[in-house]
Each structure stands twice: as C-alpha cells, then as structure tokens.
1. Go through TYR32, TYR60 for me and flag whichever is open to solvent by less than 30 Å² (accessible area, probe 1.4 Å) and within 22 Å of ASP117 (Cα to Cα).
2. Which one is least open to solvent (accessible area, probe 1.4 Å), of the residues in the range 66-88 that are basic (Lys, Arg) and modelled with pLDDT of 95 or more?
3. Which one is nearest to GLU44 (Cα to Cα), of the residues in the range 104-132 that are modelled with pLDDT of 90 or more and among the small types (Gly, Ala, Ser)?
4. When you look at GLU6, is it touching a residue at least 60 places away in the same chain (Cβ under 8 Å) and not β-branched (Val, Ile, Thr), yes or no?
5. State which residue is most open to solvent (accessible area, probe 1.4 Å) when the search covers only the range 89-132 and only residues that are among the β-branched types (Val, Ile, Thr) and not in a strand (DSSP E or B).
Amino acid sequence: QLQLVESGGGLVQPGGSLRLSCTASGTTSGDYGQGWFRQAPGKEREAVSWISVNDDETTYYSDSVKGRFTISNDNAKKTVYLQMNSLKPEDTAIYYCATGPLATWVHTITFGRLDIDVFDAWGQGTPVTVSS
C-alpha cells in the first residue's frame, strides 16, 4: 500500500524560502507523477506542481507559483521536493502531497477539477504560513 509522508512546512516571512519533502513507501507501476496540492482556508484544493517520477522531465507548475517554486525528484530516496522561494502571504495554505498515474494528473490539470479518490495516495498535509 502506497503511503506518503511530508515534512518541511512552517512559518516564514514574505520573501523567504521553504523546502517541502514528500517520501513515498510502497511500489507503483507504469508512468506515475508525484506532486503537491494546496488548500487555503475557505478555498478549494488546487494543484501547485507535479513531476513525472519515471523520467524527471515532465513537470507542471500553476501560474501562481511559476518562476518561484521548483519541483525535483530523488528516485533513490523515493522523495519529491518542492523548493519554494520568494514566498508571498497568498501562498499560505496546507500543502498536500499526492501520487497517481500521469493520466490522472493531466486530466486534473486539463479540466481543472479535483477528484481526490482517483489519486493513489495522499500525505497528511503540512502547513505553510507566510506572514510578517
């Protein structure tokens, strides 16, 4: 059974940086993606970034984080990282790691609708607060 464990959230001032980690246990088959969603208070969960864990070349960033966040993958450690720079107060949210087939990620981004159940595993969520 796939499980994801997240770490790295916290409180940071505007303009600061944080790095989130998401480590997977268990096995997958086929073309898989692993990445991050976030959910701010009173808002829907939104996709932030994901990466193909098979080739590390296919990545996605939402427009709101493009140029500030960088996702990377270490297959040996089965860990995906999200380096978040130039953080803004509007980045404040609970960040959730998720994993699932590439087709699931593409469908979610293309149609802008999240069905939590179609992803194979979710992390417990880690809070990120950007405030002075």
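The values are calculated or read from the model by the stated rules, or taken from the named source; none is laboratory data. Everything quoted here is computed from the prediction, not taken from an experiment. Note that we place each Cβ from the backbone using ideal geometry, even for glycine, and neighbour counts take in every protein chain shown. Protein only, heavy atoms only, side chains kept; ligands, DNA and RNA dropped before computing areas. Shrake-Rupley method; radii C 1.70, N 1.55, O 1.52, S 1.80 Å.
1. TYR32
2. ARG68
3. Result: GLY125.
4. When the stated conditions are applied, GLU6 passes them.
5. THR110
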